[in-house]
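Below you'll find the structure, written out as structure tokens, and then a few comments.
The values are calculated or read from the model by the stated rules, or taken from the named source; none is laboratory data. For clarity, every value in this text was computed on a predicted model and none was experimentally measured. In this analysis, Cβ positions are derived from the backbone assuming ideal geometry, glycine residues included, and neighbour counts consider all displayed protein chains.
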Amino acid sequence: MSLKPLEAGFIPLVDAAPLILAREIGFAEEEGLDLRLRAAPSWSTLRDMLAIGAIDAAHMLSAMPVAMALGLGGISERIDVLSVLSVNGNVVGVSSALAERMRVAGHRFDFADADSAGRALIEAAGDRPRIGVPFPFSMHADLLFHWLGALGLPAPQALQVVTVPPQLMAEAIAAGEIDAFCVGSPWGSIAVENGVGELLLPGSAIRAFAPEKVLAVRHGWAEAEPGLTRSLMRAAWRTGRWLSEGGNQVTAAEILSRREYLDLSPEIIERSLSGQQVISPRGEVRSVPNFLVFFRGAATYPWRSQAAMIAHSMAARAGLDRANAIEAARSIFRTDLYRQNLRDLGAEMPGASDKIEGALTRPTPVASESGRLILEPDSFFDGYIFDPSTQD
Amino acid sequence: MSNKLSIVVVEPDRERAILIVDSLRAAGDFDVSVISEVTGLARHVSSRDPDVVLVDLTSPSRDILEELTLASGPLDRPVAMFVDRSDDSLTKAAIEAGVSAYVVDGLRADRIKPIMDAAIARFHMFHRMRLELETTKRALEERKVIDRAKGLLMKARGLDEEAAYALLRKTAMDQGRKVVDVAEALVTAAGLLS
């Protein structure tokens, strides 16, 4: 059988693993795809490549297709989200100087309590802390606004969130351009390795189950190429399951570390895959459950409520009509295609397309087709709840 | 107020920046300036308040400029990326050439076109030059490896140069590999054994 070529773009990050390993481990081939991967230099370039059709699919920030659906950020092609590629995986870090001030003031760097970490940060950082994120429309920005907003720093007046490309984050903090950052794996660890910063919190301490990267395609392409869409979704889903199986992390880290992918040491990549984070140049280790999730708890299911929640906060910041924004965002998360294309693989199928975001504080069985689906905790550190049905 | 369009070129490489500026000046009467520092990029761009910003697509710092598309304060001018779909072929040409532009909303397309045409032509040239340089470099490296492998074979098997190369080529053909790959394997193995 001849393989069908499919071009997919990615940003060299640990959470590009479901696409990279789909190619390298062979799930793409088994689904009949010659999956060709192209690394992009920046999120905006990746977005443009997808929008103009230079690539068919992309590893994308979950907020990016939502921003496009809302008409924010220049280009506005309708992009559909086929599935979620990864949940969580971001870290908040601070400069060495700020870490020292926080330590002196009594902060323990437990890498878990977002409330005390946030208060210590606000106390030590002074007025309008400057915080780097990789892209203006991102879960990173969302997490920061939610976290520090809940602790009394209203965004955007009270904090300066600035865009710094992930590979330049360590440099920016070393140069004193920013006081703190929220960045995806493994760039937080790079700041620690370079001795310029310390890690304060995993993203999961702020929001326990945050959709981070998605599998994105042009709406028109998904309609025109149902066969390729199906193969791609299945290859990515099977790779996510493989990544979640014990013992595969070492292999995954080795492959991701290759020059054509992340071009970084496998040891640093493994810290993200295993959730064993080294938080300071002194080598203190913190273990985080659900640090970066590829599969567990129906992680790949594109909950429409997740799209709605991103749209809700984005619309609030940009001054757009919230109800319209939520409606536009919900429609691009394709739970219909997910059901249609992954059901016979045995993927857990939630009974609903929406859930109440933030309601689960412990693993909880929910209605599903198999009756065996257990969702992971998805609560916010401050008890925030987002109910999509009351947002009209 | 001057009617000249102001253009900011974001380019850390001085030589390249000069070439871009020259070609833009040749294309029309524009007010062109260059920002070479990535530090504080968004701030520098907005303080110059340009009509158009040109940036290399291959630069990761391009994401910094996305911030400009967020009209977050009353003083910020709305900026849109050039890719506003009003001229799809021009957009495509720009992205393929590796240049992207941010323009202030409301700027007429016929005023942007000469700028983009000049930038696209220049970026195509950079792209070709880079490709040529890489190809030449690779060819040189491959030749070096093959020469070393030939030398090893000549010494170990007492062959002349021509016979050594013939042996490499035959091995490569038999195994369905490239001559340079066989040569590289031989050089690596010899290094390990010595």
Meets criteria (farther than 27 Å from A:L342 by Cα, in contact with a Leu (Cβ under 7 Å, 6 or more places away or on another chain) and among the aliphatic types (A, V, I, L, M)) for A:I206: yes
Of the residues A:S96, A:S185, A:S189, only one is touching a Ser or Thr at 6+ places or on another chain (Cβ under 6 Å) and not assigned by TED's automatic domain parsing to the domain that holds A:L215; which? A:S185
Residues being in contact with a Ser or Thr (Cβ under 9 Å, 6 or more places away or on another chain), more than 16 Å from A:A329 (Cβ to Cβ) and within 13 Å of chain B (Cβ to nearest Cβ): count how many of those fall in region A:47-73. 3
Within region A:325-335, does at least one residue satisfy the condition of being of a type in the set (G, A, S) and in contact with a Ser or Thr (Cβ under 7 Å, 6 or more places away or on another chain)? no
Just to check your reading of the model, which residue among A:S44, A:S76 is in contact with a Ser or Thr (Cβ under 8 Å, 6 or more places away or on another chain) and either over 23 Å from A:A347 (Cβ atoms) or surrounded by fewer than 23 Cβ atoms within 10 Å (Cβ to Cβ) (or both)? A:S44
Away from every other protein chain (no Cβ under 14 Å) and farther than 26 Å from A:L144 by Cα, is that true of A:S2? yes
Based on what the data block shows, is A:G71 small (G, A, S) and within 17 Å of A:V14 (Cα to Cα)? no
Please verify whether A:L153 is over 29 Å from A:P266 (Cβ atoms), surrounded by 24 or more Cβ atoms within 10 Å (Cβ to Cβ) and either at pLDDT below 95 or not assigned by TED's automatic domain parsing to the domain that holds A:I11 (or both), treating the condition exactly as stated. no
Taking into account only those residues within region A:180-204 that are under 20 Å from A:N290 (Cα atoms) and polar (S, T, N, Q), which is surrounded by the fewest Cβ atoms within 10 Å (Cβ to Cβ)? A:S189
Among the residues of region A:209-251, write down those that are outside any helix (DSSP H, G or I) and surrounded by 20 or more Cβ atoms within 10 Å (Cβ to Cβ). A:F209, A:A210, A:P211, A:E212, A:K213, A:V214, A:L215, A:A216, A:V217, A:R218
State whether one or more residues within region B:73-80 are modelled with pLDDT under 80 and not in a loop (DSSP other than H, G, I, E, B). yes
Before we move on, is A:T229 of a type in the set (S, T, Y), within 18 Å of the chain's Cα centre (by Cα) and under 20 Å from A:L6 (Cβ atoms)? no
Taking the residues in region A:158-177 that are at pLDDT 90 or above and away from every other protein chain (no Cβ under 11 Å) as candidates, determine which candidate is farthest from the chain's Cα centre (by Cα). A:A174
When you look at A:G188, is it among the small types (G, A, S) and either touching a residue at least 12 places away in the same chain (Cβ under 8 Å) or in a strand (DSSP E or B) (or both), yes or no? yes
Can you tell me which residues in region A:1-41 are charged (D, E, K, R), surrounded by fewer than 22 Cβ atoms within 10 Å (Cβ to Cβ) and not in a helix (DSSP H, G or I)? A:K4, A:E7, A:D34, A:R36, A:R38
Mind listing just one residue for me: the one in region B:46-67 that is in a helix (DSSP H, G or I) and away from every other protein chain (no Cβ under 12 Å) and, of those, surrounded by the most Cβ atoms within 10 Å (Cβ to Cβ)? B:S46
What residue, among those in region B:14-38 that are assigned to a loop (DSSP other than H, G, I, E, B) and without any contact (Cβ under 8 Å) to a residue 60 or more places away in the chain, is farthest from B:R62 (Cα to Cα)? B:D29
Does A:I332 meet the test of being touching a residue at least 12 places away in the same chain (Cβ under 8 Å), crowded, with 24+ Cβ neighbours inside 10 Å, closer than 14 Å to A:V214 by Cβ and in the same structural domain as A:G71 (by TED's automatic domain parsing)? no
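Scan A:E177, A:E171 and give me the residue that is assigned to a loop (DSSP other than H, G, I, E, B) and surrounded by fewer than 23 Cβ atoms within 10 Å (Cβ to Cβ).
Step by step, each of A:E177, A:E171 is checked, and only A:E177 is assigned to a loop (DSSP other than H, G, I, E, B) and surrounded by fewer than 23 Cβ atoms within 10 Å (Cβ to Cβ).
Tell me the residue from B:R16, B:R25 that is at pLDDT 80 or above, surrounded by fewer than 22 Cβ atoms within 10 Å (Cβ to Cβ) and over 29 Å from A:P134 (Cα atoms), please.
Step by step, each of B:R16, B:R25 is checked, and only B:R25 is at pLDDT 80 or above, surrounded by fewer than 22 Cβ atoms within 10 Å (Cβ to Cβ) and over 29 Å from A:P134 (Cα atoms).
Listed here are the residues, each with its yes/no results for (1) more than 14 Å from chain B (Cβ to nearest Cβ); (2) out of contact with any helix residue (DSSP H, G or I) (no Cβ under 9 Å at 6 or more places or on another chain); (3) under 17 Å from A:L201 (Cβ atoms).
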{"residue": "A:R78", "(1), (2), (3)": "no, no, no"}
{"residue": "A:L82", "(1), (2), (3)": "yes, no, no"}
{"residue": "A:A105", "(1), (2), (3)": "yes, no, yes"}
{"residue": "A:F111", "(1), (2), (3)": "yes, no, yes"}
{"residue": "A:A114", "(1), (2), (3)": "yes, no, yes"}
{"residue": "A:G118", "(1), (2), (3)": "yes, no, yes"}
{"residue": "A:L121", "(1), (2), (3)": "yes, no, yes"}
{"residue": "A:M139", "(1), (2), (3)": "yes, no, yes"}
{"residue": "A:L144", "(1), (2), (3)": "yes, yes, yes"}
